[in-house]
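Below: one structure, written as structure tokens.
The values are calculated or read from the model by the stated rules, or taken from the named source; none is laboratory data. Quick caveat: nothing in here was measured; it's all calculated off a predicted structure. With ideal geometry, Cβ positions are generated from the backbone for all residues, glycine too; neighbour counts draw on all protein chains shown.
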Amino acid sequence: MNREEQNNFLESIGRLDFEQARIKHVLFKSKLRALLYGADIDTEPVISTTGCSLGKWIYEVAMPRIGHMPEVKDLEKVHNEMHVIARRLWQLYQQGQQDQALKELSQIDDTAQRLLHLLGEIERKTVT
């Protein structure tokens with residue numbers, strides 16, 4: 001890829017809406033919280049790394065364009081960790097351990113901070 005192609009490539013990344021990625025993440029957290037409080041909603045976006053809106057953004061937008069960046073690989077890992085935690089919390093809830101699931105919900109917040117930090121790093125490096 002020559003310099004002009006690289007610039008055009010990064011320019012297309014500059015148009016990506018990182019704010020939308022952040023909103024998708026907030027929606028994930030809201031859905032998980034709602035599930036753990038007994039809401040009757042689809043579990044797929046909460047337990048599936050590719051079924052949630054942020055996962056779709058990562059795999060359909062970020063990975064094809066900037067997947068070579070170490071931060072994007074880290075973002076994918078942290079995103080997967082969030083879903084591992086979410087699945088465990090959902091299992092606790094299903095086993096009748098709602099209080100324990102809600103108590104452990106703070107683990108999502110800790111992981112979310114890492115995810116949001118990575119989104120910010122990627123945005124700074126790609127948006128010109």
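I'd like to know if region 53-65 contains one or more residues that are polar (S, T, N, Q) and exposed (fewer than 13 other Cβ atoms within 10 Å of the Cβ). I'd like the intermediate steps shown before the answer.
Just the residues of region 53-65 that are polar (S, T, N, Q), to begin with: 53.
Add one more test, that the residue is exposed (fewer than 13 other Cβ atoms within 10 Å of the Cβ), and what stays is none.
Looking through region 53-65, none of the residues is polar (S, T, N, Q) and exposed (fewer than 13 other Cβ atoms within 10 Å of the Cβ).
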Residue pairs qualifying under the 9 Å Cβ cut-off, at least six apart or on distinct chains, with the first in region 65-84 being within 21 Å of LYS31 (Cα to Cα) and the second being assigned to a helix (DSSP H, G or I) and among the acidic types (Asp, Glu), are LEU75/GLU121
Six or more apart or on different chains, Cβ under 8 Å: which pairs go from a residue in region 49-62 that's under 10 Å from HIS79 (Cβ atoms) and in contact (Cβ under 8 Å) with a residue 12 or more places away in the chain to one that's among the basic types (Lys, Arg) and surrounded by fewer than 20 Cβ atoms within 10 Å (Cβ to Cβ)? Could you list them? CYS52/LYS24; LEU54/LYS24; TRP57/LYS24
In region 37-51, residue surrounded by the most Cβ atoms within 10 Å (Cβ to Cβ) [restricted to those that are closer than 21 Å to GLU104 by Cα and within 16 Å of the chain's Cα centre (by Cα)]: VAL46
So is ALA34 surrounded by 12 or more Cβ atoms within 10 Å (Cβ to Cβ), at pLDDT 85 or above, out of contact with any helix residue (DSSP H, G or I) (no Cβ under 7 Å at 6 or more places or on another chain) and hydrophobic (A, V, I, L, M, F, W, C) or not? yes
Just to be sure before I move on: is GLY51 in contact with a helix residue (DSSP H, G or I) (Cβ under 9 Å, 6 or more places away or on another chain) and not hydrophobic (A, V, I, L, M, F, W, C) in the structure I sent? yes
